[in-house]
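Let me begin by presenting the structure, written as structure tokens, before commenting on it.
The values are calculated or read from the model by the stated rules, or taken from the named source; none is laboratory data. Quantities reported herein were computed from a predicted structural model and do not represent experimental measurements. Positions of Cβ are backbone-derived with ideal geometry, glycine not excepted, and every protein chain shown enters the neighbour counts. Accessible surface areas use protein heavy atoms only, side chains included; no ligands, DNA or RNA. Shrake-Rupley method; radii C 1.70, N 1.55, O 1.52, S 1.80 Å.
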Amino acid sequence: MALMKDEVDIVIPTIRTLDFLESWRPFFQPYHLIIVQDGDPSKTIKVPEGFDYDLYNRDDINRILGPKASCISYKESACRCFGFLISKKKYIFTIDDDCFVAKDPSGKDIDAVEQHIRNLSTPSTPFFFNTLYDPYREGADFVRGYPFSMRSGVPTAVSHGLWLNIPDYDAPTQLVKPRERSTRYVDAVLTIPKGTLYPMCGMNLAFDRELIGAAMYFGLLGDGQPFKRYDDMLAGWLSKVVCDHLGLGVKTGLPYIWHSKASDPFVNLKKEFNGLFWQEELIPFFQSVVLPKECTTAQQCYLELAKLVKENLAGIDPYFIRLADAMVTWIEAWDEFNPPKPAA
């Protein structure tokens, strides 16, 4: 799969020296890395030698985007979407800097990039569930009773990977289960059905930038905002609505990475406090959204969602007006850096 090195960028948000890359050297070295430094731009981030990378800090973001830099979050891992914006590759794999190579049950190191690309380069089946999970996988197929008219599937836009060791829990669950570890390796990939939302975690995620990149905006969160630690959740809800409307697929399951570090649940509780209440209103809204059939691109869908967010969620908190405006700014920036390809 490293033959696809010219089609993949790896995007890493960070505030620290990237020693974790040593673990990934055999798997990441063929690819280009886009490192987005969060926080203080005067701090020096050290990258191990031998990697092909570009590193951008807040000063670079302000210089490159100008006034549109206002849509890129500060002091939040949502800063990673700057990397999505400026990449020119077909596929993006994004990973957090506390994630290491996991091993499968046989003890073999898992090549997460290869598995993500395999997920993205085979179809999804969001309209009819296959009980053998991913029918395009070696050793699997469509089961009896699966409609032949649906067996060609649809393009896969998102590949959502999982984690061993530290699970991706919210603060209340962390506090109740401080010692719980994710030890179960489930050897499966499945398509999330149409009309079903899911909690998308950004620490082990890949997507087809050409199909859904414009909707992979991690929102306006972090410093100065009342909504924190929900950047990937927000991107997951919004991008799934767009995927469902455009007839694109989302897969979850393999590959696993090793998540090494549990964040402080008390700090997380303070950050998540609003979101824990707001999600109970946001999710029914996203479940009920219907986009007009005139929306035929991810950009058009996203601008329509920005309008609906402003109209329907401003009553929860004025923050959602700022979020909607930032969503529009994001699409303006996306169109500037990703002009439509001329028709063949």
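Filter the stretch 54-75 for residues that are surrounded by fewer than 24 Cβ atoms within 10 Å (Cβ to Cβ), touching a residue at least 12 places away in the same chain (Cβ under 8 Å) and under 20 Å from ALA235 (Cβ atoms) and give the result. Listed by number, the residues that qualify are TYR56, ILE61, LEU65, LYS68, SER70, TYR74, LYS75.
Among the residues of the stretch 221-258, those that are on the phi > 0 side of the Ramachandran plot and either polar (S, T, N, Q) or open to solvent by 10 Å² or more (accessible area, probe 1.4 Å) (or both) comprise GLY224, ARG229, GLY247. Is there a residue in the stretch 46-53 that is surrounded by 14 or more Cβ atoms within 10 Å (Cβ to Cβ) and touching a Gly at 6+ places or on another chain (Cβ under 8 Å)? Looking for residues that are surrounded by 14 or more Cβ atoms within 10 Å (Cβ to Cβ) and touching a Gly at 6+ places or on another chain (Cβ under 8 Å), one finds none in the stretch 46-53, hence no. Within the stretch 102-118, is there a residue that is of a type in the set (Val, Ile, Thr), touching a residue at least 60 places away in the same chain (Cβ under 8 Å) and either closer than 20 Å to ILE331 by Cα or assigned to a strand (DSSP E or B) (or both)? No, the stretch 102-118 has no match at all. Scanning the stretch 320-342 for residues that are without any contact (Cβ under 8 Å) to a residue 24 or more places away in the chain, in a helix (DSSP H, G or I) and either in contact with a Pro (Cβ under 7 Å, 6 or more places away or on another chain) or not acidic (Asp, Glu) (or both) yields PHE320, ILE321, ALA324. Return yes when SER288 is modelled with pLDDT of 95 or more and either within 24 Å of CYS99 (Cβ to Cβ) or out of contact with any Ser or Thr (no Cβ under 7 Å at 6 or more places or on another chain) (or both) and no when it is not. Against the criterion (modelled with pLDDT of 95 or more and either within 24 Å of CYS99 (Cβ to Cβ) or out of contact with any Ser or Thr (no Cβ under 7 Å at 6 or more places or on another chain) (or both)), SER288 qualifies. Consider the stretch 119-136 and keep the residues that are among the aromatic types (Phe, Trp, Tyr) and free of Cβ contacts under 8 Å to residues at least 60 places away in the same chain. The one that is farthest from PRO26 (Cα to Cα) is PHE128. Take LYS194 and decide whether it is within 21 Å of LEU246 (Cβ to Cβ), open to solvent by 40 Å² or more (accessible area, probe 1.4 Å) and among the basic types (Lys, Arg). So LYS194 fits the description; yes. When GLY153, GLY83 are checked against the criterion of being surrounded by 19 or more Cβ atoms within 10 Å (Cβ to Cβ) and closer than 19 Å to TRP334 by Cβ, a single residue qualifies: GLY83. Considered as a group, the residues in the stretch 204-245 that are aromatic (Phe, Trp, Tyr) and more than 11 Å from the chain's Cα centre (by Cα) include one that is nearest to ILE192 (Cα to Cα), and that residue is TYR230. Within the stretch 118-140, being open to solvent by 90 Å² or more (accessible area, probe 1.4 Å) and more than 20 Å from TYR91 (Cα to Cα) holds for PHE127, PHE129, THR131, LEU132, TYR133, GLU138. Annotation note: Cβ proximity below 6 Å between a residue of the stretch 28-51 that is within 19 Å of ASP96 (Cβ to Cβ) and a residue that is open to solvent by less than 50 Å² (accessible area, probe 1.4 Å) and in a loop (DSSP other than H, G, I, E, B) (sequence gap 6+ or interchain) occurs for LEU33/PHE51; GLN37/ILE45; GLN37/ASN57; VAL47/LEU18. Checking THR183, THR196 one by one, the residue that is without any contact (Cβ under 8 Å) to a residue 60 or more places away in the chain, among the β-branched types (Val, Ile, Thr) and closer than 22 Å to VAL309 by Cα is THR196 and no other. Looking across the stretch 122-154, just one residue is within 26 Å of the chain's Cα centre (by Cα), over 21 Å from ASP187 (Cβ atoms) and among the small types (Gly, Ala, Ser), and that is SER152. For first residues located in the stretch 306-318 and in contact (Cβ under 8 Å) with a residue 24 or more places away in the chain, partners that are assigned to a loop (DSSP other than H, G, I, E, B) and lie 6+ apart or on another chain with Cβ distances below 7 Å form the pairs ASP317/PRO226.
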